[in-house]
1. I'd like the full set of residues that are away from ligand 2 (no atom under 16 Å from the Cβ), under 11 Å from R294 (Cα atoms) and touching a helix residue (DSSP H, G or I) at 6+ places or on another chain (Cβ under 6 Å), limited to the range 344-401.
2. Out of (1) among the β-branched types (V, I, T); (2) more than 13 Å from ligand 1 (Cβ to nearest atom); (3) not in a loop (DSSP other than H, G, I, E, B), what's the single condition that is false for I180?
3. Kindly establish whether E144 is more than 48 Å from the chain's Cα centre (by Cα) and either open to solvent by 70 Å² or more (accessible area, probe 1.4 Å) or of a type in the set (A, V, I, L, M) (or both).
4. With the requirement that a residue be within 30 Å of A176 (Cβ to Cβ), of a type outside the set (S, T, Y) and surrounded by fewer than 18 Cβ atoms within 10 Å (Cβ to Cβ), what does the range 68-105 give you?
5. If A259 meets every condition in (1) more than 20 Å from R23 (Cα to Cα); (2) more than 13 Å from ligand 1 (Cβ to nearest atom); (3) open to solvent by 30 Å² or more (accessible area, probe 1.4 Å) apart from one, which number is that one?
6. So which residues in the range 196-237 are assigned to a strand (DSSP E or B), within 16 Å of ligand 2 (Cβ to nearest atom) and either in contact (Cβ under 8 Å) with a residue 40 or more places away in the chain or among the basic types (K, R) (or both), if there are any at all?
7. Any idea which of T277, T322, T264, T248 is within 16 Å of ligand 2 (Cβ to nearest atom), part of a strand (DSSP E or B) and hydroxyl-bearing (S, T, Y)?
Amino acid sequence: MSIDKQPSCDDPFDSLLPVEEARARLSAALHVVEETEQVELRKAIGRVISVDVVSPVDVPGYANSAMDGYAISSASIPTDADTQLQIVGTAWAGKVFDAQVHVGQAVRIFTGAQMPSGTDTVVIQEHVSVEHDMVTIDRNVQAEKNVRLAGEDVQRNQRILTAGTKINAAEVGLLASLGINRVAVYRRLRVAFFTTGDELCALDSHAGKPLAPGMLFDSNRYSMQAMLESLNVEVVDLGIVRDNAEDTREAMRKAAQLADVVLTSGGVSAGDADFVTQVFHELGEVSFWKLAMRPGRPLAFGHIGNAFFFGLPGNPVAVMVTFLQFVQPAIKQMMGLKKTAPFTINATSLSSLRKSLGRVEYQRGILGNNDQGDLTVASTGKQGAGRISSMSNANCLIVIAADVASVSPGDTVEVQPFHGLFG
Ligand code: AMP
Ligand code: MG
């Protein structure tokens, strides 16, 4: 793998790396996990198909009725006056009427029942009158109506799902409808993560005591785990690593041995206590990017052995925003997914938004509808990178381009909805 080391943290302001360029560099450096496995369909939800699926059958497997009514030959439809047909039997779903049906005859039929041979039309029961074993149909009945044809949905040998497709509820249903009970998928990615900082207090060791002076709760480990789990990767939580080279080195080594991807928060700016930078230089090949974005300027990316490494900033909002912009697409790519970029839509801003020129801003927004049903977005208010509550109040990020200085109410803005990542 080769990683472009420019620009580094020492670069002047004008060499900030554009987000799109950082995404392109990541994408060029990453590769799809190679190993695949066969899994039972029930266990395949959230996994990514590794081999195109070709249908072994037609769906429906046979022509069947779409309605309750009477199956007839279209040759029995009268051309002048209404006419009577003789009812010769019943076709149930799962119970075939197996005699030949002739012109002048009808078979009582229920939804899903196989069309009896000699029939190609179903007259719905609301359009007939029945007397003893005779049914009257009117001349306006249309030929070949209310019938689902064999292979109408899926044809035998049709490529029905391509490699790189995520298996969701619809795909599971589709595969089940083809009788496919095992499916080839990429193996799950394993992601190890830890947070760094002497100021961090772990929730599980805290046991209800007040925080010591100068300490804060380690929230990043929770938000990182939640975002990772929503991508259906295996997670390995390596806890809090204190700000010293020894602990950071040990955690990095361990993480790189365990996982395909290593994710950390904090310690990537140029401060004295930023040991992630130092240790990473020692153990792997890395670039430190100063990104033209806000929040989340510093980002470390590289590899230690076979594991890819992402060093995210420490601020809680910056962690989430950089995860969504870079780590999520990277993990999706490595999982074998075809679609990796964040999903974006346009909405009309209800708020006046300010920002500085030269960097893309990801402001927290609330997506909704106006009376006309058009999409609108409002700011959550103050946008500090440490305000995790602004992420929780939001349901989207408002993406404001580097060369835009402000947004006025009524302007169209680009929005990345959270839905799909957070539930
Ligand atoms: P750093 O990049 O390590 O200098 O961290 C930047 C800011 O993010 C500091 O104010 C930290 O206290 C805060 N921070 C770092 N790690 C965490 C964490 N795991 N949970 C919550 N806040 C954090
Ligand atoms: Mg720190």
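The values are calculated or read from the model by the stated rules, or taken from the named source; none is laboratory data. None of the values given here were measured: they were computed from a predicted structure. Positions of Cβ are generated from backbone atoms using ideal geometry, with glycine treated the same way; all protein chains shown enter the neighbour counts. Side chains are part of the model used for accessible areas, which takes the heavy atoms of the whole protein and leaves out ligands, DNA and RNA. Shrake-Rupley method; radii C 1.70, N 1.55, O 1.52, S 1.80 Å.
1. If the condition is that a residue be away from ligand 2 (no atom under 16 Å from the Cβ), under 11 Å from R294 (Cα atoms) and touching a helix residue (DSSP H, G or I) at 6+ places or on another chain (Cβ under 6 Å), then V360, Y362 are the ones that fit.
2. Unmet condition: (3).
3. no
4. Residues satisfying the conditions are D68, W92, A93, G94, K95, V96, D98.
5. The number of the failed condition is (3).
6. The initial filter retains those residues of the range 196-237 that are assigned to a strand (DSSP E or B), namely 196, 200-201, 216-217, 234-237.
Now narrow it down to the ones that are within 16 Å of ligand 2 (Cβ to nearest atom): 196, 200-201, 216-217.
Listed by number, the residues that qualify are T196, L200.
7. T264
Listed here are the residues, each with its yes/no results for (1) of a type in the set (S, T, N, Q); (2) over 30 Å from P409 (Cβ atoms); (3) in contact (Cβ under 8 Å) with a residue 12 or more places away in the chain; (4) within 12 Å of ligand 1 (Cβ to nearest atom).
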| site | (1), (2), (3), (4) |
| --- | --- |
| S269 | yes, yes, yes, yes |
| F280 | no, yes, yes, no |
| F301 | no, yes, yes, no |
| N306 | yes, yes, yes, no |
| P316 | no, no, yes, yes |
| F326 | no, yes, yes, no |
